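> Let me give you the structure first, and then I'll get to my questions.
The values are calculated or read from the model by the stated rules, or taken from the named source; none is laboratory data. From a predicted model like this one, the values you see are computed outputs, not experimental measurements. All Cβ positions, even for glycine, are placed from backbone atoms using ideal geometry, and neighbour counts span all protein chains on display.
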Amino acid sequence: MRWSTIAITVAAALPVLVFVAGQAGLLSGRMPDDLGVTDGRLKAPSRTPNSVSSQFALWPGSPHRELAEVAPLPLRGDGPATIARLRQIVQAMPGAEIVTVRDDYLYARFTTRWLKFVDDTEFWVDPQAQVVQVRSASRVGRRDFGVNRARVEAIRAALAAGG
């Protein structure tokens with residue numbers, strides 16, 4: 001067999017192999033063990049450009065500011081009412097699974113349909129700043145192609161619309 005034939009065969013098989021790996025859960029990554037709020041902070045943004053955080057400034061030395069920094073969400077009523085509304089919004093989104101919900105905190109996992117990539121998204125009612133801090137990050141991969149930012153901005157728009 002010639003090298004060009006081998007290259008074409010590999011190139012044709014690769015997408016199928018990636019799809020099968022995704023369906024088998026091999027691309028979902030491992031759940032971080034340090035999610036939640038610690039000392040008034042959500043987990044730091046990723047070192048790679050595949051996350052967004054409203055608390056970016058609290059983590060000196062974090063790279064990719066232009067990609068990772070996002071504004072916190074406004075409160076709509078009090079903290080528990082805002083978290084309840086966020087829960088409704090998130091539950092209606094494709095691939096969403098609510099994992100943890102408290103009066104001041106919401107953690108959801110978003111799983112892509114075909115390749116089963118997982119993003120972890122957290123919301124925390126910050127009593128000092130009177131806003132909802134947010135962090136959304138991909139578990140695997142170096143880039144997210146703006147998916148986490150787009151998701152947070154869609155949630156912000158739905159929260160502002162009240163619907």
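> Quick one: count up the residues across the stretch 2-61 that are among the small types (G, A, S), at pLDDT below 80 and in a loop (DSSP other than H, G, I, E, B).
Here is the first cut: in the stretch 2-61, the residues among the small types (G, A, S) are 4, 7, 11-13, 21-22, 24-25, 28-29, 36, 40, 44, 46, 51, 53-54, 57, 61.
With at pLDDT below 80 added as a condition, the list becomes 4, 7, 11-13, 21-22, 24-25, 28-29.
From the residues that got through so far, the ones that are in a loop (DSSP other than H, G, I, E, B) too are 24-25, 28-29.
Qualifying residue count for the region: 4.
> Let me ask something additional. Output the residue which, of all residues in the stretch 44-82 that are of a type in the set (A, V, I, L, M) and within 16 Å of E153 (Cα to Cα), is surrounded by the fewest Cβ atoms within 10 Å (Cβ to Cβ).
Across the stretch 44-82, the extreme among qualifying residues is A71.
> Would you check if L58 is of a type in the set (A, V, I, L, M, F, W, C), touching a Ser or Thr at 6+ places or on another chain (Cβ under 6 Å) and without any contact (Cβ under 8 Å) to a residue 60 or more places away in the chain? Quick ask: steps written out before the conclusion?
On the way: of a type in the set (A, V, I, L, M, F, W, C): yes; touching a Ser or Thr at 6+ places or on another chain (Cβ under 6 Å): no; without any contact (Cβ under 8 Å) to a residue 60 or more places away in the chain: yes.
No.
> If you don't mind, another one. Look through the stretch 83-96, keep the residues that are under 21 Å from S53 (Cβ atoms) and either of a type outside the set (K, R) or modelled with pLDDT under 95 (or both), and return whichever of them is surrounded by the most Cβ atoms within 10 Å (Cβ to Cβ).
L86
> In this structure, does R30 turn out to be touching a residue at least 12 places away in the same chain (Cβ under 8 Å) and either touching a Leu at 6+ places or on another chain (Cβ under 9 Å) or surrounded by 14 or more Cβ atoms within 10 Å (Cβ to Cβ) (or both)? Outline the logic, then answer.
Numbers: touching a residue at least 12 places away in the same chain (Cβ under 8 Å): yes; either touching a Leu at 6+ places or on another chain (Cβ under 9 Å) or surrounded by 14 or more Cβ atoms within 10 Å (Cβ to Cβ) (or both): no.
No: the conditions fail for R30.
> Go through the stretch 120-136 and report how many residues are buried (at least 23 other Cβ atoms within 10 Å of the Cβ) and out of contact with any Leu (no Cβ under 8 Å at 6 or more places or on another chain).
Number of matching residues: 2.
> Would you tally the residues in the stretch 70-83 being more than 14 Å from R135 (Cα to Cα), in contact (Cβ under 8 Å) with a residue 60 or more places away in the chain and part of a loop (DSSP other than H, G, I, E, B)? Full working, then the answer.
Step one: list which residues in the stretch 70-83 are more than 14 Å from R135 (Cα to Cα), which gives 74-83.
Checking which are in contact (Cβ under 8 Å) with a residue 60 or more places away in the chain leaves us with 74, 76, 82.
With part of a loop (DSSP other than H, G, I, E, B) added as a condition, the list becomes 76.
The total comes to 1.
> Considering each of L106, L115, L86 in turn, give the residue that is touching a residue at least 60 places away in the same chain (Cβ under 8 Å) and outside any loop (DSSP other than H, G, I, E, B). Show your work before the answer.
Working: L106 fails: touching a residue at least 60 places away in the same chain (Cβ under 8 Å); L115 fails: outside any loop (DSSP other than H, G, I, E, B).
Only one candidate qualifies: L86.
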